[in-house]
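Notes for the one structure printed next.
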Amino acid sequence: MERITALDTLRRRVADWKGSGDVVALVPTMGNLHHGHLRLVEEAAALADRVIVSVFVNPTQFGPDEDFAAYPRTLEADRRALARMPVDILFTPGAETVYPEGTAQGTRVQVPALEGMLCALARPGHFSGVATVVAKLFNMVGPDLATFGRKDYQQLLVVRHMVRDLCMRVRIVGVETVRDADGLALSSRNGYLSPEQRRVAPRLNAVLREIAGELAAGRRDFAALEERAQGELRDVGMDPDYVSIRRPEDLQRPMSGDCDFVVLGAARLGPTRLIDNVAVEQGTDTCRT
Ligand code: PAF
């Protein structure tokens, strides 16, 4: 595995590969890699001839009161983990490469269809920051495909929406969430949890799964289910931002007759904000009989 920081070097490598007909995958990350990231790499390697993993802690997706400065930067450990994986290039661009015009004056990408809801309400500007950096990484690397975790479901849809809307030639592959044995979705921010908070944290997934089970059993009183779930999270000491039942394709509220749902939740546990989601995919035959 080669580590590359300079954009022209990266572009030469990718041009050579593409000249030989290789399919190139990108796995965009902010580093501090865990098994969830490594699953994204495995999936990329299964679908492509060449795999590039980018590590860049993107300032524009952090709010002024968020953890940009404190975000764990563990490049040496990340490099060692990736060296054991089918990765060709670790791409670590500097801020001057990603934001040549600076972050205040630089071009921004916005996806209004998915702003104004769910995580965007608590994190204004976050998804614009994500869309902007992902668009830049796609333009730098020129991948044929890119993998993203389904844990960040709203982010996955933002990226899909941007790619469709800006006619980008990259296939977006969503990869299942990797969980600890007790159900907690892996996240770089889990490292902020105290032992007591870590014990409580899997309740978020448990509560979302309870709702998913009731939807699968035919319940459609969405507001009551969401309200009850938030109460259950408060009971264990979490401060829920939202628990919401949405349509998986566009995150709009479900309509009568809908059969597929995604149940999303975000909650604070001390200073740590956890997110998770559970899909309910029934198909019309099961749910409408
Ligand atoms: O999911 C992440 O780690 C980040 O939001 C991403 C997609 C790498 C953009 O900075």
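The values are calculated or read from the model by the stated rules, or taken from the named source; none is laboratory data. Since the structure is predicted, the reported quantities are computational estimates derived from the model, not experimental observations. Here the Cβ is made from the backbone with ideal geometry for all residues, glycine too, and neighbour counts use every protein chain on show.
Among the residues making up the range 95-117, those that are charged (D, E, K, R) and either touching a residue at least 12 places away in the same chain (Cβ under 8 Å) or outside any loop (DSSP other than H, G, I, E, B) (or both) are Glu96, Arg108, Glu115. For Val53, the stated conditions hold: it is buried (at least 22 other Cβ atoms within 10 Å of the Cβ), without any contact (Cβ under 8 Å) to a residue 60 or more places away in the chain, under 19 Å from the mean Cα position of the chain (by Cα) and within 11 Å of the ligand (Cβ to nearest atom). For Glu115, the conditions (1) surrounded by 17 or more Cβ atoms within 10 Å (Cβ to Cβ); (2) more than 17 Å from Ala131 (Cα to Cα) are fulfilled apart from (2). If you go through the range 122-145 and keep only what is touching a helix residue (DSSP H, G or I) at 6+ places or on another chain (Cβ under 7 Å), of a type in the set (Gly, Ala, Ser) and either away from the ligand (no atom under 11 Å from the Cβ) or under 16 Å from Ile89 (Cα atoms) (or both), you end up with just Gly142. Restricted to the range 98-108, and to residues there that are surrounded by fewer than 19 Cβ atoms within 10 Å (Cβ to Cβ) and not acidic (Asp, Glu), the residue that is farthest from Leu38 (Cα to Cα) is Gln105.
Of Ala120, Ala81, all but one fail to be under 20 Å from Val134 (Cβ atoms), of a type in the set (A, V, I, L, M, F, W, C) and either in a helix (DSSP H, G or I) or at pLDDT 95 or above (or both); the exception is Ala120. In this structure, Leu114 does satisfy being hydrophobic (A, V, I, L, M, F, W, C) and under 16 Å from the mean Cα position of the chain (by Cα). Applying a threshold of 8 Å to beta carbon distances and a minimum spacing of six or more residues, or different chains, the list of pairs starting in the range 57-79 at a residue that is closer than 15 Å to Pro271 by Cα and free of Cβ contacts under 8 Å to residues at least 24 places away in the same chain and ending at one that is assigned to a loop (DSSP other than H, G, I, E, B) and within 16 Å of the ligand (Cβ to nearest atom) reads Phe68/Val57; Phe68/Phe62.
The residues of the range 146-177 that are within 13 Å of the ligand (Cβ to nearest atom) and either at pLDDT below 95 or under 18 Å from Ser188 (Cα atoms) (or both), listed by number, are Thr147, Phe148, Gly149, Arg150, Lys151, Asp152, Tyr153, Gln154, Gln155, Leu156, Val175, Thr177.
When Gly31 is tested against (1) part of a helix (DSSP H, G or I); (2) surrounded by fewer than 23 Cβ atoms within 10 Å (Cβ to Cβ); (3) within 13 Å of the ligand (Cβ to nearest atom), just one condition goes unmet, and that condition is (1). Among residues of the range 180-202 that are closer than 22 Å to Gly31 by Cα, those with a beta-carbon under 6 Å from a residue that is of a type in the set (Ser, Thr, Tyr) at least six positions away or on a different chain give the pairs Ala185/Thr177; Arg189/Thr272; Tyr192/Thr272; Leu193/Thr272.
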